[in-house]
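The values are calculated or read from the model by the stated rules, or taken from the named source; none is laboratory data. Only a predicted model underlies this, so the values are computations on that prediction, with no experimental measurement involved. FYI the Cβ positions are ideal-geometry reconstructions off the backbone, even for glycines, and counts take in every protein chain you see. Heads up: the accessible areas ignore ligands, DNA and RNA and are worked out on the full protein's heavy atoms, side chains in. Shrake-Rupley method; radii C 1.70, N 1.55, O 1.52, S 1.80 Å.
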Amino acid sequence: MIFDSRTAIHGALLAIAAAMLLASAGCASGNGSSGLLKPYRVDIPQGNYLTREMLDQVKPGMRRDQVRMALGTPLLDQMFRDDRWDYVLRYQHASGRSESRLVTVFFKDDRVAEIRADELPLRDDATDPALPGFRPDRTPTEIKPK
């Protein structure tokens, strides 16, 4: 059998083509994405985490310092609209989906005049991914199986 450089080149090209075919077949999946070449993404909570329990402490007529003690420092303290504080929470899921919660406290003469709020959890909910310190790999102690 005669071995020449053309045979070696053809063999090498055939091996490369076979390897590429196997690699691309390994990357295929039902949803068109294997996750092999995707970056790792994490959930990103940003802003003020508020509950209905916290918001119920704020009453009309309260001073700004009392509101700050009950709810914390607002995410948006607007320079040109001193009559309102906006507490915003934006939660970006690793999947790309996001959700937002907004609480706006309006002031008149440095006293609470009105409160507008999106739907909030009643109290700290261990299953709420927006809760600071949430860890999806842990079962909350109050619902652990015995």
Give the carbon-plus-sulfur fraction of the accessible surface of segment 64-132 in %, rounded to a whole number; probe 1.4 Å, heavy atoms of protein chains only. 50
Amide H contacts under 5 Å for LEU76, restricted to residues at least 5 apart in sequence or on another chain and with H modeled in the peptide plane, are ASP86, VAL88
Which order do the peptides 13-19, 65-71, 102-108, 121-127 come out in when sorted by mean C-beta neighbours inside 10 angstrom, highest first? 102-108, 65-71, 121-127, 13-19
Per residue of segment 60-71, in order, report the coupling 6.51 cos²θ - 1.76 cosθ + 1.60 (Karplus, θ = phi - 60°) as ³J(HN,Hα) in whole Hz, putting x for Gly and Pro. x, x, 5, 7, 4, 5, 5, 5, 4, 5, 7, 10
Under the Karplus curve 6.51 cos²θ - 1.76 cosθ + 1.60, θ = phi - 60°, whole-Hz ³J(HN,Hα) for segment 102-118, x wherever Gly or Pro sits: 10, 10, 10, 10, 9, 10, 9, 6, 6, 10, 5, 10, 7, 10, 10, 9, 6
